[in-house]
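> Pasting a structure below so you can have a look.
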Amino acid sequence: MSAAPWRVAAASVTGAYHAFRGDACQDRYRLEVTAGGVLIATVSDGAGSARFGGEGAAMVCEHVTSALKRAIGRVRPRPSRTLLLKCCRAVRSGIEAARAQALADLPPDAGLYDYHATLVGAVVMPGSGGVFFHIGDGAALAVAADKGRWVMSEPSNGEYSYETYFFTEGDWRRNLRFKLVEPGFDTIFLMSDGVTDVGLKNHSSGPEPYMPFFEPIGRFLAGAGREEGEKALSATLDSEAVREKTNDDKTLVWAQAAR
């Protein structure tokens, strides 16, 4: 039996603010590997100010993942510019489908703003690269096998640091960003903004990943089974050290191509 093309793990934990209020975690994620070995991962953070932010987050993760699975198919695709463009079109189609579902589900006294949620995701082939897609805050990080190189889709905020962008806004197309992931980057991290509070460091040139946070997590997950790894990842995200830095919900998705 051939080895699985990706090792994966993910966890979401409720932040102290929502836990104190008795609210559920508003983050959602989807993590899948197609029959052809393509990684598809999405993370969404439902806005705390939105009545149905968690539902909006679930919608956009579900529809974007489904659109990408349809576009890629079950066989291993050949890496090409055409494939990347097809994936970008599928992301847009998935967002449009999520917006349509939100509109269809609207209570009489609600608007699309009640489903506000961010989106960060990745579609990557082992050894062949892929693309990150992103609306709003959170981040996507790809780390090379030699550990010396990384590429990141960084958070995008509005005029003020506490503002961001959502898939439910009218100008979502303008705020949707894509970032190429070149071949050679074999480890992927996706995170909501509760994790960027801990995992990113701000410099004059912009945010950069704080590798002493990510590297131990990656080493442990690479040597653990998925159930064990996800249990440990949840404990890390809910640790006192992390809770001291942020009271937000936290989601972290990890994937590593087979070596």
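The values are calculated or read from the model by the stated rules, or taken from the named source; none is laboratory data. From a predicted model like this one, the values you see are computed outputs, not experimental measurements. Every residue, glycine as well, gets a Cβ built from its backbone with ideal geometry; the counts of neighbours run over all protein chains shown. What goes into the accessible areas is simple: the full protein's heavy atoms, side chains included, and nothing from ligands, DNA or RNA. Shrake-Rupley method; radii C 1.70, N 1.55, O 1.52, S 1.80 Å.
> Below 24 Å Cα-Cα, how many Lys pairs turn up in the chain? Only count pairs eight or more apart in sequence, or on different chains, if you could.
11
> Here is a further query. Given +1 on the Cβ of Lys and Arg, -1 on the Cβ of Asp and Glu, and no further charges, what dipole in debye does segment 134-237 carry about its Cα centre, rounded to the nearest 20? Numbers along the way, then the final one.
Values: 10 positive and 16 negative charges, 53 e Å.
Magnitude of the dipole: close to 260 debye.
> In percent, how large is the relative contact order of segment 115-252, given Cα pairs closer than 8 Å and 6 or more residues apart? Walk me through the numbers on the way to the answer.
Working: 234 pairs, mean separation 34.0, N = 138.
With pairs under 8 Å counted, the relative contact order is 25 percent.
> Pairs of alpha-carbon atoms within less than 8 angstrom and 6+ residues apart define the contacts here; what relative contact order does segment 169-250 have, in percent? Write down the numbers at each step before the final one.
On the way: 38 pairs, mean separation 28.8, N = 82.
With pairs under 8 Å counted, the relative contact order is 35 percent.
> When the dipole is taken about the Cα centre of the chain, and only Lys, Arg (+1) and Asp, Glu (-1) are charged at their Cβ, what size is it in debye, to the nearest 20? The partial results should precede the final answer.
Values: 29 positive and 31 negative charges, 291 e Å.
Dipole size: approximately 1400 debye.
> Pick from R89, R74, R21: which residue has the top mean-square fluctuation in a GNM of the chain where Cα pairs under 10 Å get a spring?
R21
> When only Cα pairs under 8 Å and 6 or more residues apart are kept, what is the percent relative contact order across the chain?
Details: 572 pairs, mean separation 68.0, N = 259.
With pairs under 8 Å counted, the relative contact order is 26 percent.
> Once you place label points 7 Å from the Cα toward the Cβ at H203 and R74, how far apart are they in nm?
Roughly 4.6 nm, to one decimal.
> Let me ask something else about it. If you take the charge dipole of segment 69-195 about its Cα centre, with +1 on Lys and Arg Cβ and -1 on Asp and Glu Cβ, which of G138, T168, S128 is farthest toward its positive end?
Working it through, the farthest residue towards the positive pole turns out to be S128.
> Across bins of 10 angstrom width beginning at 0, how are the C-alpha pair distances of segment 56-145 distributed, in whole percent?
Each 10 Å bin holds this share of Cα pairs: 15, 44, 28, 10, 2, 0.
> Okay, next question. Tell me, what is the FRET efficiency for K179 and E32 to the nearest 0.05, using R0 = 30 angstrom and their Cβ-Cβ distance as r?
Values: r = 20 Å, r/R0 = 0.68.
Given R0 = 30 Å and the Cβ-Cβ separation, E is 0.90.
> Another one. Beyond 14 Å, what share of the Cα-Cα pairs of segment 1-73 remains, rounded to the nearest whole percent? Walk me through the numbers on the way to the answer.
Numbers: 1701 of 2628 pairs.
The calculated P(r) of segment 1-73 puts 65 percent of pairs beyond 14 Å.
> Taking only Cα atoms and a 10 Å spring cutoff, compute GNM fluctuations for the chain and point out the largest among P207, P108, P155.
Looking only at P207, P108, P155, the biggest GNM fluctuation is shown by P108.
> What accessible area per residue comes out for segment 37-166, rounded to a whole number of Å², with a 1.4 Å probe? Kindly include the intermediate steps, with their values, before the conclusion.
Details: 5520 Å² over 130 residues.
Normalised by residue count, the accessible surface of segment 37-166 is 42 Å².
> Follow-up question, since we're still on this one. Just to check I understand the Karplus step: with θ = phi - 60° and J = 6.51 cos²θ - 1.76 cosθ + 1.60, what whole-Hz values come out for segment 180-191, glycine and proline as x?
6, 10, 6, x, x, 9, 10, 10, 10, 10, 10, 8
> Ordering Y210, Y113, Y165 by accessible area with a probe of 1.4 Å, largest first, what comes out?
On the way: Y210 95, Y113 135, Y165 60 Å².
Result of the area sort, largest leading: Y113, Y210, Y165.
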